[in-house]
1. How many of the residues making up the range 259-293 are surrounded by 19 or more Cβ atoms within 10 Å (Cβ to Cβ) and at pLDDT 90 or above?
2. Taking the range 19-63 as the region of interest, how many residues are modelled with pLDDT of 85 or more, within 25 Å of the chain's Cα centre (by Cα) and not in a helix (DSSP H, G or I)?
3. Given (1) on the phi < 0 side of the Ramachandran plot; (2) without any contact (Cβ under 8 Å) to a residue 40 or more places away in the chain, where does residue 126 come up short, assuming only one miss?
4. Conditions first: (1) more than 21 Å from residue 128 (Cβ to Cβ); (2) at pLDDT below 80; (3) crowded, with 16+ Cβ neighbours inside 10 Å. Residue 304 passes all but one, so which condition is the exception?
5. Among the residues of the range 84-100, what is the count of those that are surrounded by fewer than 22 Cβ atoms within 10 Å (Cβ to Cβ) and in a helix (DSSP H, G or I)?
6. Can you find a residue in the range 146-164 that is in contact with a helix residue (DSSP H, G or I) (Cβ under 7 Å, 6 or more places away or on another chain) and under 26 Å from residue 113 (Cα atoms)?
7. Which number in (1) over 30 Å from residue 113 (Cβ atoms); (2) at pLDDT below 80 marks the one condition that residue 312 misses?
8. For residue 187, are the conditions met, namely being at pLDDT 90 or above and either buried (at least 16 other Cβ atoms within 10 Å of the Cβ) or under 19 Å from the mean Cα position of the chain (by Cα) (or both)?
């Protein structure tokens, strides 16, 4: 057994994956998760078309293969479907740990297999603080987003369904990139470069296609997402649970999608929007802020409640 740095809850969280930590199982597991995600995506796409919720042309606009104007309702429905496709990750992780690793899916969530609300709340608070610092700097530096043309009452009507879908989407991504993959790799390899850095890079690359702006900003966007992945994985390392990471991811995505985001793509439903030029102007500062946040989360002073490890059988 490889000794790992970290709190006892984290070590015991990794222990749950040790009995079946063979690398081939992890690779097959990732393939299975990917297949389930693709099938689930097709189900949602064709289901949305079949139920008349969205027109086929709207998907062409979403994938950039057609220049078709979308109504606000079309945009919201397309966003809900796009976020809903990520739910396939949850289904894939559930099947993978059951079939390949023969352990309960709750063992991916936390060392004590329970979702800790205090840790979730702490993650939400950290994310809110990060967004507040980022927005304050934008205003002070003269790079504040402008108010979008979206009416407040229209925004309020869409907020609740978007928030629900975003929560499940954030939790689903966490189950893969801060849960299953790091847990399996940590059970096999002791180096944080393997179980910490690699999943975070994969998480960052997954966001490449969603980057607003030009190709140069896309590199910043991937780098920011990668470091943010490290921040959330540091929360797992500190607590032995996904709860804080899910809270952080949830609030961050809510902020980016509904409060202040790009004036292009899904974030056009936000109350405040940045132009691609503004995003590029603030990219270096954003990297610095998220880097400082990573150092803060890794420090003992971070307000993250520790998880409770299961009592070991003697």
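1. 2
2. 1
3. Status for residue 126: all satisfied but (2).
4. (1)
5. So the answer is 8.
6. yes
7. (1)
8. Against the criterion (at pLDDT 90 or above and either buried (at least 16 other Cβ atoms within 10 Å of the Cβ) or under 19 Å from the mean Cα position of the chain (by Cα) (or both)), residue 187 qualifies.
The values are calculated or read from the model by the stated rules, or taken from the named source; none is laboratory data. For clarity, every value in this text was computed on a predicted model and none was experimentally measured. Here the Cβ is made from the backbone with ideal geometry for all residues, glycine too, and neighbour counts use every protein chain on show.
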